[in-house]
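Right, one structure below, let's go through it.
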Amino acid sequence: MNPWQHLHPDPLRQWAALLLLLAWLVLLAATLWRQRRHARRHLQATDAPANAHPALLIAFASQSGFAAQLAQQHAGQLSAQGWQPQCLPLGQVQAGTLQGVRHALFLISTTGEGDAPDNAAAFIRRCMAAPDAAIGLPHLHYRLLALGDSRYARYCGFGRAVDDWLQRSGAHPDAPRMELDNAHPDALAQWQACIDQLMAPGHTASTATATPVQAATPQPWRLAQRQILNPGSPGAPLARLVLEPLHSLPHWQAGDVATLEIPSADRAAHSLWRDYTIASLPASGHLELLVRQQLRSDGSPGIGSHWLLHQLQPGQTLHLNLRHNPLFHPPAIDKPLILIGSGTGLAGLLAQIRHRAACHAQGQTIGPLWLLYGERSPRHDAHFDACLHHWRQQGVLHRLERAYSCDPDALPHSARHVQELLPPLAQPLQELLLHQQATLYLCGSRQPMAQGVHTTLENLLGPGTLQTLTDTGRYLRDVY
């Protein structure tokens, strides 16, 4: 035996000892980490405020963007007060979403005569169309704001339908349904008081610290020009209004909305508010609207259109605010875009064309762009004809088709309504929508134009395809 062996240990034994030491250190570190985590959790539990809030669903059904804007404001308010809000379009809410929360806010717009916004279609099919007992929500407490326009017979019809469905499903309203007529400030204040109760239970609206929910502050603009586009037309007068800001020019996008303050005939009453889709882009230096003279059922002129076409004079001031409407912002410019409309619906379509024309002028590649448009007389109602043909020659507008309902010189089989333009184009239309991911915008009067176009599209594409296009945001309707 080597007498010096005890001074030179076996390397294998050295490695074994080192591994044992490392294992002991890891075990010690894990033990200390568990102890500290337990202590931290105990400290958090003892220090947690007594009024800590759970998760809250904020679901909105919006067509023009106002309900979506309010929902985002509420999310910010409630998050600052300790809630955990989840803000979703109603179409993304499923039965499991509702069954997974105990508190919810619903902001539900109605379009036209009691119709649901397009972004609510999937919710109607998945949830509201199910048997009443299929989705039980006895745990859910909610508050609901219905937004609408009292000029329509079925005012707030869809908001009322959602409220009824929630109660039939066993959900509990924490407050009676509130209804908001064209962003009326008194109703907005009442709704804010309802939100204040969530943010600070036991406090009144006057003591709440959150910023009240409200529309954007109206800004002063000047009527620079008013031009009647259709003198001699069998239809009502259609005017192009050009507005210039008194201060700096704000930013907006194609698809955004101008909400105009219309003075009330009764000076003691609140002003009225009317939404108009913007036809121009900021690069023009002005804001452009299309307004048609409206008549009530008794033959008297509509308040908003009469004031804008006859009472407000060039050079005078009006107030408006701009509302972003992301649902109608331009899709990817390299994808096909199909624009269908009639009458003043041309305003929103013009903004989309102008957006693509600007991109084309910058050298960007744009996808196929169609415009199918309906009016009354080719002699008096060929609005923006020179601009449309210019875009056609530039390669911005790839197809331009127009139908005139009052054309005495039309051939026997000529299209008289815009929906009649669609069947001859069925094959290229299907190619763009089904294989090239086209988006279709439909803008103008609900009856009969929009309904006629919708029915024709169902016949050409199938109801299931149209539902899929709606759910994926590729079939959008701005109708009234």
Open item on the list: If packing is taken as the average number of other Cβ atoms within 10 Å across a peptide's residues, how do 386-397, 337-348, 318-329 rank, most packed first?
Closed with: 337-348, 318-329, 386-397
- [ ] Restricting things to alpha carbons, tell me how big segment 330-479 is in terms of Rg and Dmax, in Å.
- [x] 14.8, 43
TODO: Convert 37 °C to kelvin, take the viscosity as 0.692 mPa s, use the Kirkwood radius over C-alpha pairs of segment 84-162 as Rh, and evaluate the Stokes-Einstein diffusion coefficient in µm²/s, rounded to a whole number.
DONE: 248 µm²/s
Task: Pair Arg416, Asp298: separation of 7 Å Cα→Cβ label points (nm) - done: 3.4 nm
Open item on the list: Testing the spin-label approximation: label points 7 Å from Cα along Cα→Cβ at Ala386 and Gln197. State their distance in nm.
Closed with: 6.0 nm
- [ ] For an R0 of 56 angstrom, estimate the FRET efficiency from the Cβ-Cβ distance between Glu458 and His270 and round to the nearest 0.05.
- [x] 0.85
Open item on the list: Give me a comma-separated list of calculated 3J(HN,Hα) values for segment 309-316, in order, Karplus coefficients 6.51, -1.76, 1.60 applied at θ = phi - 60°, integers in Hz, x for any Gly or Pro.
Closed with: 8, 10, 9, 5, 9, x, x, 7
Task: Positive minus negative residues near Gly157 (Lys, Arg vs Asp, Glu; Cβ under 9 Å) - done: 0
- [ ] May I ask for log10 I(q)/I(0) of segment 269-404 at q = 0.18 Å⁻¹, from a Debye sum over the Cα atoms as equal point scatterers with solvent left out?
- [x] -1.15
Task: Semi-axis lengths (Å, descending) of the ellipsoid that matches the C-alpha gyration tensor of segment 55-207 - done: 22, 20, 14
- [ ] Take the Cα gyration tensor of segment 219-326, multiply each eigenvalue by 5, square-root it, and list the three semi-axes largest first, rounded to whole angstrom.
- [x] 22, 17, 13
Open item on the list: If I stretch the segment between Gln84 and Gln99 completely, what's the gain in nm (0.36 nm per residue apart, minus their alpha carbon distance), one decimal?
Closed with: 3.8 nm
Task: Label-point separation in nm, His319 to Ser284, each point 7 Å along Cα→Cβ - done: 2.5 nm
TODO: Evaluate E = 1/(1 + (r/R0)^6) for Gln190 and Asp334, where r is the Cβ-Cβ distance and R0 equals 45 Å; express this FRET efficiency to the nearest 0.05.
DONE: 0.45
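Any read-out appearing in this document is the output of simple, stated calculations on the displayed coordinates, not a laboratory observation. These numbers come from a predicted model, not from an experiment. When we count neighbours, we look across all protein chains shown, and the Cβ atoms used for this are built from the backbone with ideal geometry, even at glycine.
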